[in-house]
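Working notes, structure below.
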Amino acid sequence: MSEVLSSTAIGTAAPNLGKLGSPRRSIFEFGAPLRFEAKMGLGLLAWLCFFFGWHWLSNSGFADQTLLPGPVRVFKAWGTLFTEREFATDVVQSVKRIFISFGIALAVALPIGLLMGAYTPVADFFNALVSPFRYLPAPSFVPLLLMWLGTGDGQKIALLVMGVVFFLISLFMDNTRAVSAELVECSRTLGATRRNVVWQVLLPAALPKFVDTARQMLAVSWTYLVIAEIVAATDGIGAMMMRAKRFVQVDDIMAGILTIGLLGLLADFTIRLIHRLWFRYLY
């Protein structure tokens, strides 16, 4: 009797459940997708909270406004830098150094990382050098680079290259090794040579991850920019910030930091867009 009642209850409840629809998922479910509007709204809310907290802290009396100017003063200083102090020239110089140095790092790291991921003997040979150098802080080479290359752009570009190239090599190697072994075995079965496997199978298969890795490491390159430009530099964002330090112009320094952040955000967005256009099948 109880079984009949249970089946009857389930049968009557099922139509009601169909009318109500499936229960609504919370946005805090693990891995729950969000619509584009929700993502933009949350990002905007985060920035509003940040600027509100910054404004409150600057005007609350806890900090001297000379040492912690508010966002309004910083944005005014940012506009003055571009309109009256030729800051655009400094920005162009910094962007040029970043992209030249990162291009050199990619040209070195990509073939080495690809071959390390493809061939174990190559990996064992280069890992003996690459692994220790990853743990050496690039700024520690500044005195040597100044003696070897002088105070020109060569020293600054070399420092920026050293800051990312060893990490790029290791990450590209890992990206290559992540390619499915079935692809390699299938190509070998069809008669592909080792060279064909590397350049026509491994490289195209790993290229989406290479681009994503480059995007992430470009952010690291931007973090070394100020270090590269504070030593014997006459132009660039870092040089402007060092000039501002001498006159305790903290608003100019923070405007320089804001500029680096915006340029990095723009570069990140551009590479994401390139990734989406080149590899549509992943989306």
Completion exercise
Bounding extents of segment 126-283 in its principal axis frame from Cα atoms, largest first in Å, are 69, 37, 22
Fill in the blank from the handout: Listed residues 91, 211, 184; largest mean-square fluctuation, Gaussian network over the chain with Cα springs below 10 Å, found at 184
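Using 1/(1 + (r/R0)^6) with R0 = 35 angstrom and r between the beta carbons of residue 100 and residue 196, what's the FRET efficiency to the nearest 0.05? Show your work: numbers first, answer last.
Values: r = 33 Å, r/R0 = 0.93.
Plugging the Cβ-Cβ distance into 1/(1 + (r/R0)^6) gives 0.60.
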Practice task
Please tell me the relative contact order of segment 71-282 in percent, rounded to the nearest whole number, where contacts are Cα pairs under 8 Å and at least six residues apart.
Solution key: 28
Practice task
Please name which of 61, 142, 267 has its Cα lying farthest along the dipole of the chain towards the positive end, using unit charges on Cβ (Lys, Arg +1; Asp, Glu -1) and the Cα centre as origin.
Solution key: 267
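Round to the nearest 0.05 the FRET efficiency obtained for residue 258 and residue 120 when R0 = 41 Å and r is the Cβ-Cβ distance. Intermediate results must be reported in sequence, preceding the final value.
On the way: r = 46 Å, r/R0 = 1.13.
Once the sixth-power term is evaluated, E becomes 0.35.
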Exercise for the section: Search the structure for amide H atoms under 5 Å from the amide H of residue 192, placed 1.01 Å from N in the peptide plane, and list their residues when 5 or more places away or on another chain. Expected result: none
Exercise for the section: Please work out which option in [x] 20.9; [y] 23.4; [z] 20.3 gives Kirkwood radius over Cα pairs in Å calculated from these coordinates, and answer with its label. Expected result: [y]
Handout entry: Alpha-carbon centroid distance for the pair segment 39-95 / segment 107-129, whole angstrom
Key = 43
Exercise for the section: At 24 Å minimum axial length over the Cα atoms and a Kyte-Doolittle cut of -1.0, report the qualifying DSSP H helices in the chain, or say none. Expected result: 2-20, 36-59, 87-118, 153-177, 203-223, 250-278
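Can you run the Rg to Rh ratio on segment 196-283? Use alpha carbon positions and the Kirkwood inverse-distance Rh. Mind dumping the intermediate values first?
Details: Rg = 18.3 Å, Rh = 15.3 Å.
That ratio equals 1.19.
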Practice task
Enter the Cα centre distance for the pair segment 169-223 and segment 245-279, rounded to the nearest angstrom.
Solution key: 29
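Throughout, read-outs are computed from the coordinates displayed, never taken from laboratory work. The structure displayed is predicted, hence computed values, not measured ones. Don't worry about glycine lacking a Cβ; one is built from the backbone with ideal geometry, like all the others, and counts go over all protein chains shown.
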